1. Rounded to two decimals, what ratio of Rg to Rh does the range 284-333 give with C-alpha atoms and a Kirkwood Rh?
2. Alpha carbons only, please: Rg and Dmax for the chain, in angstrom.
3. Report, to one decimal in Å, the Kirkwood hydrodynamic radius for the range 7-196 based on all distinct Cα pairs.
4. Sort 36, 121, 320 so the one with the fewest other Cβ atoms within 10 Å of its own Cβ comes first.
5. Just need the relative contact order of the chain here, percent rounded to a whole number, with Cα pairs under 8 Å and 6+ apart.
6. Report the semi-axes of the equivalent ellipsoid for the range 177-295 in whole Å, largest first, where each axis is √(5λ) for an eigenvalue λ of the Cα gyration tensor.
7. What are the membrane-span-like helices in the chain by this rule: whole DSSP H runs, Cα extent along the axis at least 18 Å, mean Kyte-Doolittle hydropathy at least -1.0?
8. Starting from the Kirkwood Rh over alpha-carbon pairs, what translational D in µm² s⁻¹ does the range 85-179 have by Stokes-Einstein at 25 °C and 0.890 mPa s?
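Please treat every number below as a calculation from the coordinates, not as lab data. On a predicted model such as this, the values are computed, not experimentally measured, just so you know. Reconstructed Cβ throughout: ideal geometry from the backbone, glycine too, with neighbour counts over all protein chains shown.
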Amino acid sequence: MNQLITLDEFIFDRQADFPYASGDLSRLLTDIGIASKIVNQKVSRAGLEDILGAQGVTNVQGEEQQKLDVMADQVFMKSFLNGGMVCGIASEEQEDFVAFDNERSMNGKYVVLYDPLDGSSNIDVNVSIGTIFSIYRRKSPIGTKAELSDFLQPGSEQVAAGYVLYGSSTMLVYTTGNGVNGFTLEQSIGEFCLSHANMKTPPAGRLYSINEGNLLVCHPGIGKYADWCRQTDKSTGRPYSGRYIGSLVADFHRNLIKGGIYIYPGTNSSPEGKLRLLYECNPLAYVIEQAGGRASDGYTNVMEMVPEKLHQRVPYFVGSPDMMDRAEAYLND
Ligand code: AHG
Ligand code: MN
Ligand code: MN
């Protein structure tokens, strides 16, 4: 058997890459690993406990909250509160950011923004779902309460980002700006173990991921790009395969590994699209960039945008670099 490297071992080994690191970010990443194991346990038993279905309220996004959305949100928030490395959080499931007001947390250097459960519509039907997280260094003075400006930073300021995929196996994938590494949960010992070292996305692939139901209500260039993907041309391996799970994390992870492009466009009724800049688009943009890919709103790198509000949405294109170039060219034509 190959030697297992656990997530915690890996994180602490990598700490040496940052000579002045105090260990706080390492501890924070470890806390994320623990919280995701708790959520994984709940998700994997979902049908056996009274935890499927809607909570009975809508969130700030106007979307119906699922019980597991609320459970995951609370598990992660409590883990950050107890860990003491974070002065505040912002979650897709909460209207406002939360500034922790105990002394240890107010001395925390970081804020975390997260989508506790991505792919809510897939929860009740046993299809892969995930968690997405994004970590920034705070702007407000250490020792005080977190402020809105700590959370409204451009994605280029992220110090770490990643996701957990509750799929056929459970994986945690993250970057601190030094490549992307993936860890698979070894259920028998309850540890995430390094399984995908230094992940890179192919320059191009044969998968395109878009909700086809939106093609007639979005920019016509996107329909033309989808038409191009469907045309037969042996030299470019077309027709490409359409793959759309409806859980961004799962679609993203597959395309990262196999090569592909994911598009969630602005539509006539939602010109800003559906996906949230801070909780979904920026963290996955950081991961894909570190894996050799790109992310944009069709025109601009999403990580260059200065957010104006916590729940801001943006059209989203993410994937292999050559496919991104072509899709964006259709938009600009
Ligand atoms: P969330 O469950 O966190 O609200 O996110 C759902 C998102 C994303 O995961 C997915 O790719 C997209 O919504 C699917 O939307 P459509 O059903 O409109 O295609
Ligand atoms: Mn989501
Ligand atoms: Mn969500």
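1. For the range 284-333, the value is 0.99.
2. Just the Cα atoms of the chain yield Rg and Dmax of 19.3, 63 Å.
3. Taking every pair of different Cα atoms in the range 7-196, averaging 1/r and inverting gives 17.0 Å.
4. Ordered by Cβ neighbours within 10 Å, fewest first: 121, 320, 36.
5. 15
6. Equivalent-ellipsoid dimensions as semi-axes: 28, 19, 13 Å.
7. TM-like helix candidates: 24-44, 67-83.
8. Answer, rounded: 172 µm²/s.
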